[in-house]
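What follows is a set of notes on a single structure, which appears directly below.
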Amino acid sequence: MSTLPAPSDPPSVRTRPLVFVIVGAVIAVLLATLTMGAVFAPVGALAAPYQPTSADGYLREPVTLDDSSPAIRRLDPELRAALGKAADAAATAGVAIRITSGWRAPRLQQWLLDQAVKSYGSEQTALEWVATPDRSHHVSGAAVDVGPVGAQAWLSRCGAQWGLCQVYGNEAWHFELLTTPGGTCPPPRANAAD
């Protein structure tokens, strides 16, 4: 019967390189998996989805001009002053003007456009209702959306007294300073893409 020669190294010394090889292989597989996932993941898939915030100008509900939110505070001072005068006059006529949207951060404007594309099914149609961040006057604080419907109608009829004009024919709620107080408003453009 033949006998095997006794190993010269104890078993722990012989298995150590094997353990390093196995651990190294596991780490390599994990790194490869993570790298491939990052490389081939859709853009934005690794980031949390954007949630509109008050800091970006998002209003969860209509507010008055004395609200302290960034949507109101960051409006153009002349627009805010004109709106204040108009709101006071409207109140004496029994009409309450509320702001449904004012200043918006570019990322909120982009999010609104993205939502409109999903709702309308095409970017072309969405752009009739929501401008890109670089074209929206909300981003500079020069535009405001008002409600309710009675306030929109009142401001369309009377807003020129303070320079406030409805900008788009398809958006009865969107107003900007487009004339001098007491002047004549230009005809509304068809929509935001016009």
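Every number here is computed from the coordinates shown, using simple stated rules; none is lab data. Fair warning: this is a prediction, and the values are worked out from it, not measured in the lab. FYI the Cβ positions are ideal-geometry reconstructions off the backbone, even for glycines, and counts take in every protein chain you see.
Across the stretch 109-119, computed HN-Hα scalar couplings (Karplus, 6.51 cos²θ - 1.76 cosθ + 1.60, θ = phi - 60°) run 4, 5, 4, 4, 5, 4, 5, 5, 4, 4, 5 Hz from first to last residue, x flagging Gly and Pro. Amide H contacts for GLU176 (H built 1.01 Å from N in the peptide plane; partners 5 or more residues away or on another chain; cut-off under 5 Å): CYS165, VAL167. The H on the amide N of SER101, modeled in the peptide plane, is under 5 Å from the matching H of ASP145, each at least 5 residues off or on a different chain. Protection proxy ranking, highest mean first, for peptides 79-92, 152-165, 113-126: 152-165, 79-92, 113-126, where packing is the per-residue count of other beta-carbon atoms within 10 Å, averaged. Karplus-derived 3J(HN,Hα) values for the stretch 146-162, using 6.51 cos²θ - 1.76 cosθ + 1.60 with θ = phi - 60°, are 10, x, x, 4, x, 5, 4, 5, 4, 5, 5, 6, 10, x, 4, 4, 10 Hz; glycine and proline are entered as x.
The ranking of GLU176, GLU61, GLU128, GLU78 by Cβ neighbour count inside 10 Å, starting from the fewest, reads GLU61, GLU78, GLU128, GLU176.
Backbone phi angles across the stretch 72-88, fed through the Karplus curve with coefficients 6.51, -1.76 and 1.60 (θ = phi - 60°), yield HN-Hα couplings of 9, 4, 8, 5, 4, x, 5, 5, 4, 5, 4, 5, x, 5, 5, 5, 4 Hz in residue order; Gly and Pro are listed as x.
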